[in-house]
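Student: Take a look at this one; I'll ask things after.
The values are calculated or read from the model by the stated rules, or taken from the named source; none is laboratory data. Nothing here was measured: the structure is a model prediction, and the numbers come from that model. For neighbour counting, all protein chains shown are included, and Cβ atoms are generated from backbone atoms with ideal geometry for every residue, glycine included. Heads up: the accessible areas ignore ligands, DNA and RNA and are worked out on the full protein's heavy atoms, side chains in. Shrake-Rupley method; radii C 1.70, N 1.55, O 1.52, S 1.80 Å.
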Amino acid sequence: MAVPSGVKYAIIGAGIHGLSTAYHLALKLKEAGKGSGKDILVIDKTSIAAGASGIACGVVRNNYYQPAMRELMAHSVSVWESDPKAYSYHAVGYMQISPEVMHQQVGTIYEQQKSIGYSSTFVEGEKDSMTYMKGLFDDWQAKGITSVLHEKKGGYANNTASIYGLASKAEAEGVRIMTGVTVNGFEFGSNSQAVTALMTSKGRIACDYVVVGIGPWINQVWNMLDLPRTVSIKGRDGKMHDGVRMWKYWCLEEGTLGVDPNMHKTNDGRMPPVIHVDTDAPLYSDVDGRLITDKLWGLYYKPDFNFGGVQGGASPYKVEGEPDKVAIDPYGPESPDFIVGDEFIETWCSMLAHCQKRFEGKISIYKKDEKSGGLGCFTPDNFPVFDVFRDNVFVIADSNHGYKMIGVGKLAAQEIVGEKSRLLEPFRFSRYAEGKLHPVSNSPFPWS
Ligand SMILES: Cc1cc2nc3c(=O)[nH]c(=O)nc-3n(C[C@H](O)[C@H](O)[C@H](O)COP(=O)(O)OP(=O)(O)OC[C@H]3O[C@@H](n4cnc5c(N)ncnc54)[C@H](O)[C@@H]3O)c2cc1C
């Protein structure tokens with residue numbers, strides 16, 4: 001199919017952010033009497049859910065040490081809750097189970113959740129934490145735990161199903177979605193910075209406004225937009241740090257233990273919350289008993305019928321080298337480079353066994369045939385950038401926090417029709433030069 005010669009709003013990327021923006025922008029335009037979904041075109045070089053959104057574990061949580069992230073997540077949870085069926089959302093809750101080194105910080109998360117009305121329980125002390133966990137799972141045995149934050153909201157959603165759910169809602173509002181169309185460059189105005197057209201594999205598309213929601217490919221499109229490859233950051237020490245590379249890659253490691261998902265229910269037979277454990281207790285191999293690590297480690301997991309087992313992951317690793325040279329395509333399970341191997345499988349299965357007896361000796365039924373893992377593209381401080389560049393390009397770069405952030409597209413849509421969002425304000429690009437940085441937690445994950 002030929003691409004249209006021109007559109008009002010061109011959205012690049014049919015993942016969670018591109019489609020959420022498309023759907024909510026269609027509603028906003030209609031509400032404001034400024035147009036409708038017919039003014040919006042979403043294009044994707046592959047297909048709907050071809051990027052990170054289609055392979056995400058799908059965890060939706062509020063647990064963030066940064067107040068601005070927590071408020072944003074609370075907003076996104078309300079969007080998930082607005083249509084759980086279409087979004088394939090399971091509101092089972094979420095648990096952050098932590099060692100002493102994280103106790104105080106997680107305590108502040110609990111206090112601030114109370115102040116924003118986000119329902120959670122906080123258990124403190126080794127003995128009470130063990131009692132609380134055994135009340136949920138009688139085989140609980142994780143060591144080194146001195147606090148448990150149990151978020152009663154949140155949970156997880158089924159990755160591809162939720163993205164298709166969003167696509168249907170957008171199309172029902174008149175939005176067009178074209179797949180198999182790659183953006184290879186931009187045309188800029190002669191008297192302004194603004195983008196006047198997308199140069200695509202199927203021809204030129206003139207446009208008034210562009211939204212970029214392209215997940216791990218952001219470094220490529222950032223370069224096409226001729227945006228700064230490096231930034232100057234005013235550090236916590238008050239000094240400027242120049243020449244910091246804008247984008248870097250981490251590889252996320254996830255997998256599925258091929259058990260019946262029903263085997264991981266709570267003592268009273270319910271589907272459990274998503275479990276996230278961080279601990280500094282030594283981790284021993286569930287295969288041969290040798291020490292795997294005595295440093296802080298973490299894992300997350302949930303029973304998931306979509307993945308056909310207990311699915312989850314562990315800390316990601318940094319991809320070294322020049323970001324422009326990292327092979328993003330083929331992406332996800334098709335990548336020859338960025339899929340999990342035997343080391344992850346043994347480590348993650350041993351972590352599961354460390355936490356619950358029911359997972360001991362189960363490594364042989366790990367789903368090795370299903371390739372998993374994928375790249376994420378991160379900002380200098382590992383927090384999102386949501387901002388307008390070149391006068392008319394709204395960039396949604398979530399620094400790999402973003403499947404859960406279904407609400408960001410709604411807030412972006414509000415801004416596009418002229419209503420500034422307080423929730424997006426802490427994520428502007430200018431925060432680097434101004435030194436308005438988010439606080440950093442003690443978690444072993446770059447996204448907490
Ligand atoms: C293994 C893994 C697990 C994760 N688990 C979670 C989780 O549990 N919870 C959570 O909140 N987040 C999770 N994330 C992060 C989350 O998936 C991403 O932050 C989020 O999905 C990014 O969404 P997006 O819409 O920006 O991009 P994507 O979903 O990646 O979509 C981008 C789209 O842009 C298209 N595209 C790229 N370049 C072009 C171009 N030049 N022209 C046209 N189209 C283009 C791609 O084909 C793709 O479909 C995970 C990430 C990974 C990799």
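Student: Counting only heavy atoms of the protein chains, get the accessible area per residue of the stretch 83-132 (1.4 Å probe) and round it to a whole Å² value.
Tutor: Numbers: 2440 Å² over 50 residues.
Computed with neighbouring chains in place, this is 49 Å² per residue.
Student: Still on this structure: With a 1.4 Å probe and all protein chains left in place, how much of the accessible area of the stretch 304-382 comes from carbon and sulfur atoms, in whole percent? Mind dumping the intermediate values first?
Tutor: Numbers: 1740 of 3490 Å².
The C+S portion of the solvent-accessible surface of the stretch 304-382 is 50 percent.
Student: Another one. What residue among VAL212, VAL310, MET271 has its Cα farthest toward the positive end of the dipole of the stretch 210-312, where the charges are +1 on Lys, Arg and -1 on Asp, Glu, each on the Cβ?
Tutor: VAL212
Student: For a protection proxy built on the mean count of beta-carbon atoms within 10 angstrom, sort 208-219, 45-56 highest first, please. Each step should come with its number before you reach the end.
Tutor: Details: 208-219: 24.3, 45-56: 22.2.
Ranked by mean Cβ neighbours within 10 Å, highest first: 208-219, 45-56.
Student: Using a 1.4 Å probe on the protein chains only, how many percent of the accessible area of the stretch 124-212 belongs to carbon and sulfur? Show your work: numbers first, answer last.
Tutor: On the way: 1850 of 3750 Å².
Carbon with sulfur: 49 percent of the solvent-accessible area.
Student: Just the number, please: percent antiparallel of the DSSP beta bridges in the chain, rounded to the nearest 5. Mind dumping the intermediate values first?
Tutor: On the way: 60 of 81 bridges.
DSSP beta bridges in the chain are roughly 75 percent antiparallel.
Student: Still on this structure, I have one more. Under the Kirkwood approximation for Rh and a Cα-based Rg, what ratio Rg/Rh is obtained for the stretch 108-184?
Tutor: On the way: Rg = 20.9 Å, Rh = 16.6 Å.
A ratio of 1.26.
Student: Something else about it: Angle, helix 67-82 long axis vs. longest principal axis of the chain, Cα atoms, 0 to 90°, nearest 10?
Tutor: 80 degrees
Student: Can you check what the net charge comes to around THR200, using other residues whose Cβ is under 15 Å from the Cβ of THR200 (Lys, Arg +1; Asp, Glu -1)? Spell out each step's value before the answer.
Tutor: Values: positive: LYS45, ARG176, LYS202, ARG204; negative: ASP44, GLU187.
Local charge sum for THR200: +2.
Student: Continuing with the same structure: Against the longest alpha carbon principal axis of the chain, how many degrees, from 0 to 90 and to the nearest 10, is the axis of helix 16-31 turned?
Tutor: The angle comes out at about 50 degrees.
Student: Do the sum for the chain: with -39,500 (n - 2.57) for every DSSP H run of n ≥ 4, divided by all residues, what is the mean residue ellipticity at 222 nm, to the nearest 500 deg cm²/dmol?
Tutor: Values: 9 runs with 107 residues, N = 448.
Result for the chain, helices only: -7500 deg cm²/dmol.
Student: Provide the per residue accessible area, probe 1.4 Å, for the stretch 315-448, rounded to a whole number of square angstrom.
Tutor: Working: 5300 Å² over 134 residues.
On a per-residue basis, 40 Å².
Student: OK, next. Check the straight Cα-Cα distances from LYS34 and name the aspartates and glutamates below 15 Å, setting aside those fewer than 8 residues away within the same chain.
Tutor: Within reach: GLU173, ASP208, GLU415, GLU419.
Student: Which of rounded, prolate or oblate describes the stretch 321-448 when judged by the alpha-carbon gyration tensor and an a/c cut-off of 1.5?
Tutor: On the way: a/c = 2.38, a/b = 1.96, b/c = 1.21.
Cα axes put the stretch 321-448 in the prolate bin.
Student: Using packing as a proxy for protection, rank 428-437, 408-417 so that the peptide with the highest average count of other Cβ atoms within 10 Å comes first. Walk me through the numbers before you get to the answer.
Tutor: Working: 428-437: 15.2, 408-417: 22.2.
Averaged packing, sorted descending, gives the order 408-417, 428-437.
Student: Mind checking which of ALA327, ILE365, TRP297 is farthest towards the positive end of the chain's charge dipole, using Cβ charges of +1 (Lys, Arg) and -1 (Asp, Glu) about the Cα centre?
Tutor: Looking along the dipole axis, the top candidate is ALA327.
Student: Beta carbons within 10 angstrom, averaged per residue: use that to sort the peptides 316-325, 93-102, 129-138, 70-79, highest first. Please report the intermediate quantities before stating the final value.
Tutor: Details: 316-325: 12.6, 93-102: 23.4, 129-138: 17.1, 70-79: 21.0.
Peptide ranking by packing, descending: 93-102, 70-79, 129-138, 316-325.
Student: Right, next: Using only Cα atoms and rounding to the nearest 10 degrees, what angle (0 to 90) does helix 126-136 make with the longest principal axis of the chain?
Tutor: The angle comes out at about 80 degrees.
Student: Oh, and also: About the Cα centre of the chain, how large is the charge dipole given +1 on each Lys and Arg Cβ and -1 on each Asp and Glu Cβ? Please answer in debye to the nearest 20.
Tutor: Values: 46 positive and 51 negative charges, 213 e Å.
With only Lys, Arg, Asp and Glu charged at Cβ, the dipole is about 1020 debye.
Student: Of LYS169/LYS302; LYS239/LYS436; LYS248/LYS302; LYS38/LYS202, which pairs sit farther than 18 Å apart, going by alpha carbon to alpha carbon? Show your work: numbers first, answer last.
Tutor: Working: LYS169/LYS302 28 Å; LYS239/LYS436 13 Å; LYS248/LYS302 28 Å; LYS38/LYS202 20 Å.
Pairs exceeding the cut-off: LYS169/LYS302; LYS248/LYS302; LYS38/LYS202.
Student: Taking Rh as the Kirkwood radius computed over C-alpha pairs, what is the Stokes-Einstein D of the stretch 320-365 at 10 °C in a medium of viscosity 1.306 mPa s, expressed in µm² per second? Mind dumping the intermediate values first?
Tutor: Values: Rh = 12.8 Å.
Once the numbers are plugged in, D ends up at 124 µm²/s.
Student: Expressed in nm², what is the orientationally averaged projection area of the convex hull enclosing the Cα positions of the chain? Could the numbers behind the result be given before it?
Tutor: Values: hull surface 85.4 nm².
With every direction weighted equally, the projected area is 21.4 nm².
Student: Sticking with this one: Dividing the convex hull volume of the alpha carbon atoms of the stretch 168-309 by its residue count, what do you get in Å³ per residue? It would help to have the intermediate numbers written out before the result.
Tutor: On the way: hull volume 38.3 nm³, N = 142.
Per residue, the Cα convex hull of the stretch 168-309 comes to 270 Å³.
Student: By its C-alpha gyration tensor, with a ≥ b ≥ c as the square roots of the eigenvalues, how is the stretch 50-183 shaped: rounded for a/c under 1.5, else prolate for a/b larger than b/c, else oblate?
Tutor: Details: a/c = 2.56, a/b = 2.17, b/c = 1.18.
Verdict is prolate for the stretch 50-183.
Student: Find the accessible area per residue for the stretch 145-282; the probe is 1.4 Å, ligands and nucleic acids are left out, and the unit is Å². Let's see the in-between values first.
Tutor: Numbers: 5390 Å² over 138 residues.
Result: 39 Å² of accessible area for each residue.
Student: Of GLY154, VAL340, ALA194, which is farthest on the positive side of the dipole of the chain, counting Cα position, with +1 on Lys and Arg Cβ, -1 on Asp and Glu Cβ, and the Cα centre as origin?
Tutor: ALA194
Student: SER430 versus GLU124, label points 7 Å from Cα toward the beta carbon: distance in nm?
Tutor: Placing both labels 7 Å beyond Cα along the Cβ direction yields 3.9 nm.
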